[in-house]
1. Determine if region 246-269 includes at least one residue that is touching a residue at least 24 places away in the same chain (Cβ under 8 Å), among the aliphatic types (A, V, I, L, M), under 21 Å from L218 (Cβ atoms) and in a loop (DSSP other than H, G, I, E, B).
2. On the given criteria, is I399 aliphatic (A, V, I, L, M) and within 25 Å of K314 (Cα to Cα)?
3. Among the residues of region 331-353, write down those that are assigned to a strand (DSSP E or B) and either in contact (Cβ under 8 Å) with a residue 60 or more places away in the chain or within 29 Å of D420 (Cα to Cα) (or both).
4. Pull out all pairs, ordered by first then second residue, where Cβ-Cβ is under 8 Å, the residues are six or more apart or on different chains, the first lies in region 219-235 and is closer than 13 Å to D296 by Cβ, and the second is charged (D, E, K, R) and outside any helix (DSSP H, G or I).
5. Of the conditions (1) over 30 Å from L208 (Cα atoms); (2) surrounded by 13 or more Cβ atoms within 10 Å (Cβ to Cβ), L257 fails just one. Which one is it?
6. Show me the strands (runs of 3 or more DSSP E) found entirely inside region 140-205 where at least 1 residues are at pLDDT below 95 and either more than 34 Å from the chain's Cα centre (by Cα) or among the aromatic types (F, W, Y) (or both).
7. I need a count of the residues in region 50-81 that are within 21 Å of E107 (Cα to Cα) and surrounded by 13 or more Cβ atoms within 10 Å (Cβ to Cβ).
8. From I412, I416, which residue is under 24 Å from V313 (Cα atoms), part of a strand (DSSP E or B), modelled with pLDDT of 90 or more and touching a helix residue (DSSP H, G or I) at 6+ places or on another chain (Cβ under 9 Å)?
Amino acid sequence: MSSGEVARMLEEKLRTFRPGSLIKGRIVRVSEGEVIIDIGYKSEGRVLLEEFKRDKDSITPGMEVDVVVESLDPDANGLIPLSKEKADVVVNWEKVENAFQQDIPVEGYIFQRVKGGFRVDIGVVAFLPGSQTDIKPLTDPQEFVGMTSLFKIIKIDAARKNVVVSRRKHLEDEKEQRKVEYLRSLEKGQLVKATVRNIVDYGAFLELEPGVMGLLHLNDMSWSRLSHPSQILSVGDQVEVVVLDVNLERQVVSFGLKQKTPNPWDTVSEKYPVGSIVEGKVVNITDYGAFIKIEDGIEGLLHISELSWTGRVKHPSEMLATGDVLTLKVMDIKQEEQKISFSLRQTEPNPWPEIVKRYPVGTVVQGKVYHLTDFGAFVEIEKGIDGLLHISNISSKEIKHPSEVLRKGQKIDVMILNIDPDSKRISLGLKQLGETTKAEEETNESDHQEDLRGNE
């Protein structure tokens, strides 16, 4: 190569040395607080050691680095001021923009704490707000200085070359990804162990692992009737449950506890055929009957109409109390609907055929008035057996209310007018005996005696 060509190449190289130029240099030595770099210029260059950040310990003479020329005027030591930070911005900016557009994490090094957060080296210097540093609130911010981690870029100002990053968002995304992967690993019917974290009226929320929750619904806790989850579960309990369903889109898991054991209703018809006699406990009383438990998970209804042959029961509590153990007859089973019905009266002989024989129509019997209504009086003709004395059959005279002739507790003779064993009804007559006047006299006499006692 001729001297002219060498001179021309040297001239072209020197033209690149202007403020703002991105050039390559080679490390000559590391002095206290600075790095001396050969940039092929008439003077060597100088970069502050702190600009190397996390690479400080790996700096060795001969290493090639990218730098930006700050000025061509040498400093007091005859060195050209250079910047590695600015070179990193130029070299790494495209990588940073791609990471931002593709929403992928970048590795960074937290090297300095500043007001409101930290400075992070991600190839360029970025700002990490304190609120974006961790999922949990910061208790000791200084412990994050010197940490290498992954960050999500949440904001870029290309004109000012400003970048804002979030370690918290990356941690949340990572946690979410682990959750999804875990949910994908679950299969229906799988047995898993979980911890009861919260109990509500309709069920319990269970935690499989940190951040992975699911619902154990009240209806899936027991084959027996439950009114509230707290009957069998407490917060903090460790339970083994069956995975019933996994909804990846909603990230919801449904659990079952009762599904660990066979459904007792599957064999109820074989164990308790219609017509069989069973023993059960009263677990709940309502206006229309009582619910009877014959085994765990199997409860049925004893209707008020099946309590007694007489039909005089106004409320089941007149005959039953919660906890009573009864001998019952199975009347009906609807296996698919999980319903079974019982009878108490069917365990005893039906007295009505005998009643019909004992009290043929026209028979006169003595009874006691035990209840008065607007339409008549109920008269007990023997224990548990009563009949209706309609107001039209009380007196041959027109009366507006039975109390004009009768009083509660009064004993009277009545005639059997009709017996309907199917409806368990007996119709009685008083006027048919021609004894209305006698009954009225007894009522009036009773009222007179009460008045005398009142005057005394």
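1. yes
2. Working: aliphatic (A, V, I, L, M): yes; within 25 Å of K314 (Cα to Cα): no.
Considered against the rule, which asks whether it is aliphatic (A, V, I, L, M) and within 25 Å of K314 (Cα to Cα), I399 comes out as no.
3. Narrowing region 331-353 to residues assigned to a strand (DSSP E or B): 331-334, 339-343.
Residues satisfying the conditions are M331, D332, I333, I340, S341, F342, S343.
4. Final answer for the pair search is S222/D296; W223/D296; S224/K293; S224/D296; S224/E299; R225/K293; R225/E299.
5. The failed condition is (1).
6. Working: elements: 148-157, 162-166, 191-200.
Filter on region 140-205 gives 148-157, 162-166.
7. Going through region 50-81, the residues within 21 Å of E107 (Cα to Cα) turn out to be 50-59, 65-66.
Now narrow it down to the ones that are surrounded by 13 or more Cβ atoms within 10 Å (Cβ to Cβ): 50-56, 59, 65-66.
Selection size over region 50-81: 10.
8. Numbers: I416 fails: touching a helix residue (DSSP H, G or I) at 6+ places or on another chain (Cβ under 9 Å).
When all the criteria are applied, what remains is I412.
The values are calculated or read from the model by the stated rules, or taken from the named source; none is laboratory data. Keep in mind that what you see is a predicted model, and the values were worked out from it rather than measured. Every residue, glycine as well, gets a Cβ built from its backbone with ideal geometry; the counts of neighbours run over all protein chains shown.
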